[in-house]
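Notes to accompany the following structure.
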Amino acid sequence: MPVIKVNNSSFAKGIQRVLLTDDQIFDLVILSTCNNGNPEIASHLITFTDHLLASPPKKNLHLSHIDSDRMAILEEDSQPSSEQLAWSMAEQTYRRLAATIQTTITLALYDLGLVDSGINELHTATLAQEQSAQTHLIQNKVGCAQFTFFDAEKYRAGVKTWYKPARFGRGGKLESHSGWGCEPPLKTDAAVNN
């Protein structure tokens, strides 16, 4: 079906169609995929989603698997909030991955009501970064905190991050993660030759 566009916008429109009325919202959307903890996907979901659990930059798809067995707490007498459910799923997933995985682990829980004030600005800044990088291939995103436009106080509000750096390689030096994924910086010929 080559005429069907598959991108963040079409994805958001597709899941919004599940809602029966325009005033309904999802309490929680969970994206167990790579690179979806980013300003673009958040800006698409923000109008009809309270909380988002996703993985910012990833290099291996298997690391983005979010455990769903914690959803069993929905059947218990004490009904958890969507934030409590997402927190519980993230904690369990992080503990499982951290026990065996040597590469980077990053999960983030976004309270989209709290990130609302800066998401459009952050999305605009990341779009400018992507255009300057002239990205032609799908690339793994990197933490937005390494860019000068990233204001940690402003853009970290409403974001809880579970992060473990890689035990080896380039990503092992970072001790924390912003929770937001951006396109990697443009590699110049000089940078490539050094």
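The values are calculated or read from the model by the stated rules, or taken from the named source; none is laboratory data. Please read all numbers here as calculations on a predicted model, not as lab measurements. Virtual Cβ from ideal backbone geometry, glycine too; neighbours counted across all protein chains shown. Ligands, DNA and RNA are excluded from the accessible area calculation, which covers all protein heavy atoms including side chains. Shrake-Rupley method; radii C 1.70, N 1.55, O 1.52, S 1.80 Å.
Determine whether ASN8 is open to solvent by less than 70 Å² (accessible area, probe 1.4 Å) and in contact with a helix residue (DSSP H, G or I) (Cβ under 8 Å, 6 or more places away or on another chain). When the stated conditions are applied, ASN8 passes them.
Filtering the range 11-52 to residues that are surrounded by fewer than 12 Cβ atoms within 10 Å (Cβ to Cβ) and either touching a helix residue (DSSP H, G or I) at 6+ places or on another chain (Cβ under 6 Å) or modelled with pLDDT under 90 (or both) leaves only ASP22.
The conditions of being in a strand (DSSP E or B) and either open to solvent by 20 Å² or more (accessible area, probe 1.4 Å) or at pLDDT 80 or above (or both) are met by LYS160.
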